[in-house]
């Protein structure tokens, strides 16, 4: 019995953890400052992907000479994603959440409103960009077939492969294979967390934000313009998510559509709750735990399905078995959520017990 | 004569301002629906699908309303119970050859069990965590149905009979083929009796709507659905009027006070979740009849969101409001799915369009306005507008009149009670969560 390619799985999980870290910073910020879970967060991710893709289309059209990718590169797209999604974040606050808060509507209304915003944005994006990003006139011909696009400063499709063992009778094949995009995701995610953590702890703005998170009234008494802080929080949270989505996009192997973000919503919430609301460093640990638990499920469950695996053993000895499909990996966040909420509702590093406020 | 009517209407509007909003929503929707009807050749097809969708979703929505409206638990995993009801009843009947009644009862038991199991760890959580957990629960059920190929997949109809995700709904296929049910209503004697009565009264509704083209099974199904919906409505209104329902409303408003008078809030919460899961499972069994075959991806979280449209537009916490909301949204959705309406809504705004063509060329935009996405945009916008401007919905929950009890108190006791109420209110969850917004208004 040879081992599966564990190192490769570990690398995949590491990149997935980076994606989760990058995309949950915004959710965590909104959670900790505004004390409600923003279900429209999933649509910010989708919107960031579409916005950066769209900007690529525009730039390839108006700057056809830019073959060296001086302007038409991933970082410019990411900044564009930051601005667009950030503006939408503020719009959501001004148009909906601010009014709801003034009405003293309950938490339920805020949740329903955020879900409705998500629904509107998702379907709007599907209308504007089509269900799949396929323009009918291909300006950059590879854009339609492959979302991981040309010209991200160094070519992001460069694959680094380190082979440790090959066709060994016991260890099988073990390699680390990661492309430049994956490395970029890991680096960016760590950099983002450190930067935000620094902003939250050591700058005046971040301290005002944390004061607002603790108690709006006390912050106002101390002379903090909480309204401005709330707006900045939305802008930063949405913008960072859009930027993260723009950086995540070239890593995708298939085309993305308007539902891509929605499918990642549960892992996002699992990361924030496991890591602890308001703690970005806890989020790193949580993202790594969840990504590895997910990948481990894939490995173990597909191992159960091999000839001679658990399924066959159960079938032989008990005469009854269930399917251990690797598809269950997507349900791992659910299991983790239940365990966390039952055992330690404040998460790994959360200081405020925000989860249990009911009798 | 006319002036009297207008003044009566305006006084009515002044008394019930939601009537105007209701009319503003209902008139375009009904007009759109009538337009959709006129474009069809066989009108009864649309009528049947509208009526069955209305009844199925009414049962689902009223079970959601029991949780959200009466108890304040925003359950976003309703789709799980739809899936359980539909899947298990269809699977047991068509794959495992159990009699249909047993299959339905098993489906209902399993879905209420799942409701109970899901409620145990979740009902103590704050509203948004409850929402996350229920969404996750709904997705979990979908994963199970998608992946468990040994037990929950059905052998395909074509010869190799390998298991596929697609479950063919044998109950519906059989129902449409058994002898009295597979006839058209126009071939039955009773229809001609009805038609002659109609002719006597000189109305032509039956002919105008092609009622004779309806199948007998469709009429039977609608009758059964109607009875189920009526029974559910009656049951839930009964719960609401009972002392049990009053306790539920008290928990929704302020669970700490209810605990302090010795009620076990947790018990009430899991009981209601289980009852609601049972009813929603029933809606799932009914929902299966709208498909000849279905698969796990038919049960996406969107289904739950649609239920929220019904409940919030109609009005939380009362069956009438839920019915009005369901009727309006279903009419709109069904009208939007008719081909002629779709063709009118469909629009392509791209670089080749005459108006902003060159502008869109630079922006590289190809906008496909299509009814499928457009209806969700419209409904989502209406939902948010309702949340902001009319949180009670079209038909708000009737307020309980406490005056008759309070008038029995002495003035001193009355003052004490008012004081207690206002002191308590300042500590409720809403205030704790959204504190400080008044100060923003002031500044």
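Within the set A:81, A:118, the sole residue that is within 13 Å of another protein chain (Cβ to nearest Cβ), part of a helix (DSSP H, G or I) and modelled with pLDDT of 90 or more turns out to be A:118. The residue that is modelled with the lowest pLDDT, among those in segment A:288-328 that are closer than 30 Å to residue B:127 by Cα and at the interface with chain B (Cβ under 9 Å from one of its Cβ atoms), is A:327. Closer than 30 Å to residue A:312 by Cα and buried (at least 22 other Cβ atoms within 10 Å of the Cβ): is that true of residue A:249 in this structure? No. Of the residues making up segment A:56-71, those that are closer than 22 Å to residue A:182 by Cβ and within 14 Å of chain B (Cβ to nearest Cβ) number 1. Residues that are modelled with pLDDT of 80 or more and under 25 Å from residue A:185 (Cα atoms) do occur in segment A:338-357, at least one of them. Each residue in segment A:91-106 was checked for being at the interface with another protein chain (Cβ under 7 Å from one of its Cβ atoms) and part of a helix (DSSP H, G or I), and 5 pass.
Which one of A:36, A:50 is surrounded by fewer than 24 Cβ atoms within 10 Å (Cβ to Cβ) and either touching a helix residue (DSSP H, G or I) at 6+ places or on another chain (Cβ under 8 Å) or within 13 Å of chain B (Cβ to nearest Cβ) (or both)? So that I can check it myself, show each step before the final result.
Details: A:50 fails: surrounded by fewer than 24 Cβ atoms within 10 Å (Cβ to Cβ).
One residue alone meets the criteria, A:36.
What's the total number of residues in segment A:312-351 that are on the phi > 0 side of the Ramachandran plot and surrounded by 20 or more Cβ atoms within 10 Å (Cβ to Cβ)?
Qualifying residue count for the region: 1.
Taken together, the criteria exclude residue B:351 from residues that are closer than 24 Å to residue B:16 by Cβ, surrounded by fewer than 20 Cβ atoms within 10 Å (Cβ to Cβ), at the interface with another protein chain (Cβ under 10 Å from one of its Cβ atoms) and at pLDDT below 85.
Is it the case that some residue within segment B:101-113 is at the interface with another protein chain (Cβ under 9 Å from one of its Cβ atoms) and either in contact with a helix residue (DSSP H, G or I) (Cβ under 6 Å, 6 or more places away or on another chain) or farther than 20 Å from residue B:296 by Cβ (or both)?
First pass over segment B:101-113, keeping only residues at the interface with another protein chain (Cβ under 9 Å from one of its Cβ atoms): none.
The answer is no, given that none of the residues of segment B:101-113 is at the interface with another protein chain (Cβ under 9 Å from one of its Cβ atoms) and either in contact with a helix residue (DSSP H, G or I) (Cβ under 6 Å, 6 or more places away or on another chain) or farther than 20 Å from residue B:296 by Cβ (or both).
Conditions tested, residue by residue: (1) assigned by TED's automatic domain parsing to the domain that holds residue B:144; (2) surrounded by 17 or more Cβ atoms within 10 Å (Cβ to Cβ).
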| position | (1), (2) |
| --- | --- |
| B:321 | yes, yes |
| B:345 | no, no |
| B:366 | no, yes |
| B:389 | no, no |
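From B:230, B:194, B:158, which residue is surrounded by 11 or more Cβ atoms within 10 Å (Cβ to Cβ) and either modelled with pLDDT of 80 or more or part of a loop (DSSP other than H, G, I, E, B) (or both)?
Values: B:194 fails: either modelled with pLDDT of 80 or more or part of a loop (DSSP other than H, G, I, E, B) (or both); B:158 fails: surrounded by 11 or more Cβ atoms within 10 Å (Cβ to Cβ).
Among B:230, B:194, B:158, only B:230 is surrounded by 11 or more Cβ atoms within 10 Å (Cβ to Cβ) and either modelled with pLDDT of 80 or more or part of a loop (DSSP other than H, G, I, E, B) (or both).
Just to be sure, is residue B:68 closer than 30 Å to residue A:35 by Cα, at the interface with chain A (Cβ under 10 Å from one of its Cβ atoms) and buried (at least 22 other Cβ atoms within 10 Å of the Cβ)?
Numbers: closer than 30 Å to residue A:35 by Cα: yes; at the interface with chain A (Cβ under 10 Å from one of its Cβ atoms): yes; buried (at least 22 other Cβ atoms within 10 Å of the Cβ): yes.
Yes.
Considered as a group, the residues in segment A:297-322 that are in a helix (DSSP H, G or I) and touching a residue at least 60 places away in the same chain (Cβ under 8 Å) include one that is nearest to the chain's Cα centre (by Cα), and that residue is A:298.
Only one of the listed residues (A:109, A:52) is under 19 Å from the mean Cα position of the chain (by Cα) and either part of a helix (DSSP H, G or I) or more than 29 Å from residue A:210 (Cβ to Cβ) (or both). That residue is A:52.
For residue B:412, the stated conditions hold: it is more than 10 Å from chain A (Cβ to nearest Cβ), loosely packed, with under 14 Cβ neighbours inside 10 Å and modelled with pLDDT of 85 or more.
Kindly establish whether residue B:20 is surrounded by fewer than 24 Cβ atoms within 10 Å (Cβ to Cβ) and assigned to a helix (DSSP H, G or I). Spelling it out, residue B:20 is indeed surrounded by fewer than 24 Cβ atoms within 10 Å (Cβ to Cβ) and assigned to a helix (DSSP H, G or I). Taking the residues in segment B:259-281 that are assigned to a helix (DSSP H, G or I) and free of Cβ contacts under 8 Å to residues at least 12 places away in the same chain as candidates, determine which candidate is nearest to the other protein chains (Cβ to nearest Cβ). Result: B:259.
Cβ-Cβ distances below 9 Å connect the following pairs, each with a first residue in segment B:365-389 that is more than 8 Å from chain A (Cβ to nearest Cβ), a second residue that is outside any helix (DSSP H, G or I) and buried (at least 19 other Cβ atoms within 10 Å of the Cβ), and a separation of six or more residues or different chains: B:386/B:393; B:386/B:394. Can you confirm whether residue B:440 is facing chain A (nearest Cβ under 8 Å), assigned to a loop (DSSP other than H, G, I, E, B) and either at pLDDT 75 or above or under 15 Å from residue A:104 (Cα atoms) (or both)? Judged against the criteria, residue B:440 is not a match. With respect to the conditions (1) more than 14 Å from every other protein chain (Cβ to nearest Cβ); (2) closer than 22 Å to residue A:48 by Cβ; (3) not in a loop (DSSP other than H, G, I, E, B), residue A:268 lacks only one, and its number is (1). Residues of segment B:144-155 that are touching a residue at least 24 places away in the same chain (Cβ under 8 Å) and surrounded by fewer than 19 Cβ atoms within 10 Å (Cβ to Cβ): B:155 alone.
The values are calculated or read from the model by the stated rules, or taken from the named source; none is laboratory data. The structure presented is a predicted model; accordingly, all values stated were derived computationally and were not measured. With ideal geometry, Cβ positions are generated from the backbone for all residues, glycine too; neighbour counts draw on all protein chains shown.
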